[in-house]
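Read-outs throughout are calculated quantities, based only on the coordinates presented, and are distinct from any laboratory measurement. Everything numeric in this text was worked out from a predicted model, so none of it was measured. Because the Cβ atoms are built from the backbone with ideal geometry, glycine has one as well, and the counts that use them run over all protein chains shown.
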Amino acid sequence: MTHVPEVPALDRAGAAAATLAAAGGHGCVTVRGHRRAAAAVTRTGTEIGVRRGTDHIERTTTAFLLGRHSLRYPLEGRHAAVVGCGLLAVHEAVRRATRGSASGTPSGPDLPLATAPAVAHDPAQLAEDIVRRLPVAAALDVVAEAHTVAEQRVFLPTDGPAAHETLLTGAVVVDVLRSGWRVAEADIAWSGVVPPDPDALAARVEAAVRRSCAPRRAAAAKVQLLLVDGSAGAFLHEVCGHLVESTRHRQSLVAGRVGQSVAFDQLSVDDDPTHVGGFGRHRHTMLGRATRRRPLLTRGRLTGLLADTPDGPWRSEDARHEPQPRMSHLDMAPAPSPSFMDSALGETTAPLIRVHRLGFGSLDHRDGTVVLEVKDATLREGGTEYRVEPFVVTAEARQLLLDVRAVGCAATVAAWHAYCLAVSGSLPVAATTPALLTGVLRTLPHSTLAPPRPAVARSGKGQRV
């Protein structure tokens, strides 16, 4: 049951938060009660083992102050956090934010304004449900990890009424191992009470296992990528989403080009934190303002940035991280007909790699260099389908957007989910995209971020779900 603070308590907390307004600018105090549960389920042969993690509960209060916006006095953020989720914590966080002192722990009795609500689903049950749907193979082991998060937030903005929000998220990641080494993987993630269909995840795992059994082939020096099964979401996240994030300290490379053509003329992309069921869906920014859909690209023209303005998309993982403008859920519009993609596929000039899953990715904001790991891909040649060995592509983000050759129709739309790590913490992000065909790209030998090792149970943090 969600705890709603009594009106007198909110009034007193709001009065303390109003001190931020006296410091000048826009501000918000956010009181958070956070609970995370996790579990891992393994299957070796027909034997199933369940390992539950210890529930993680955290109660914190943060104060975030964004200085006045003018040409003479640019935006300057101040952030302070304390352990606790009541009136005392609100007063202490405000004091630290306005005076610039470090984070810490308030002392003395406190009246709670937020609690850590119960998670919506048992992660062990979710993981076991997936494992039992997969066919048994003597040579293959399965590891399924699941986590669920419930968080209550109370927002006390300096320029609006108090607001409440309860966030529910969850994810399941499945790894299939042969002789202790990962050969296939798939995942699902969601926000809200209703998780996605587990049968769909089981089908994706089985398809990944079938691809892993195909004969191997190395990627050619130059290729074109057909991004399917939601992998276009990972591509857009790095190439478009991070490119349009813009702050006073780190301006976007396309800042100042709003209204101009910056991408392929069939690309229309919005960021929508209100997307129903979208991983990371939320209704309020860390300045306590309502979230909204933001057009980024409209038929190739730049129509918006994710900027550090008072109405920007401020997000943060937890009290340790200062809020920053971050994307949430990218929606790419599909083409009205499959003929656009069919025509472009008939004009490819390099071997066509069908990409089912991208791995790590990064964007260097200094020069726009994007690095993408192609992790699960196939190539059809002479009537035979080959599993392409993992490889890396790198190019300049602005050129990548201009070189896109086609966007798929509505029948090719699929979802992608991940955790994205940045200054403001590890945040759930997602995308809903049709298939996407790139221009010609040069490939590089595969290079992992860490030395190869057998697959092991993960915590759910990092860039993977």
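Computed over the chain, relative contact order equals 16 percent, with contacts defined as Cα pairs under 8 Å that lie 6+ residues apart. In terms of Cα atoms, the Rg and Dmax of the stretch 161-275 work out to 19.6, 61 Å.
Filter the GluC sites (Glu not before Pro) in the stretch 203-277 down to the DSSP loop ones having no more than 16 other Cβ atoms within 10 Å, then list what survives.
none
The packing ranking, built from the mean of other Cβ atoms within 10 Å per residue, places the peptides 221-227, 315-321 in the order 221-227, 315-321, highest first.
Considering the chain at the alpha-carbon level, its Rg and Dmax are found to be 23.3, 74 Å.
Its relative contact order, with pairs defined as Cα atoms under 8 Å and 6+ residues apart, puts the stretch 308-387 at 17 percent. Angle of helix 123-133 to the longest C-alpha principal axis of the chain, folded into 0 to 90 degrees and rounded to 10: 10°.
Within the shell of other residues whose beta carbon sits under 11 angstrom from the beta carbon of His446, the net charge comes to -1, with Lys and Arg scored +1 and Asp and Glu -1.
Note the angle between two axes, namely the Cα long axis of helix 7-22 and the longest principal axis of the Cα atoms of the chain, as a number of degrees from 0 to 90, rounded to the nearest 10. Relative to the chain, helix 7-22 is tipped by roughly 90 degrees. Taking the Cα centre of the stretch 172-319 as reference, the dipole from Cβ charges on Lys and Arg (+1) and Asp and Glu (-1) amounts to some 440 debye.
Report, in degrees rounded to the nearest 10, the 0 to 90 angle that the Cα long axis of helix 198-212 makes with the longest principal axis of the chain. Roughly 40 degrees, rounded to the nearest 10. The stretch 293-369 has equivalent-ellipsoid semi-axes of 33, 18, 13 Å, by the square roots of 5 times the alpha carbon gyration tensor eigenvalues, sorted largest first. With the convex hull of its Cα atoms as the shape, the stretch 394-447 has an orientation-averaged projected area of 5.5 nm². Each 5 Å bin from zero holds the following percent of Cα-Cα pairs in the stretch 220-329: 2, 11, 19, 23, 19, 13, 7, 3, 1, 0. For the stretch 121-176, averaging the sequence separation of C-alpha pairs within contact (under 8 Å, six or more residues apart) and dividing by the residue count gives a relative contact order of 38 percent.
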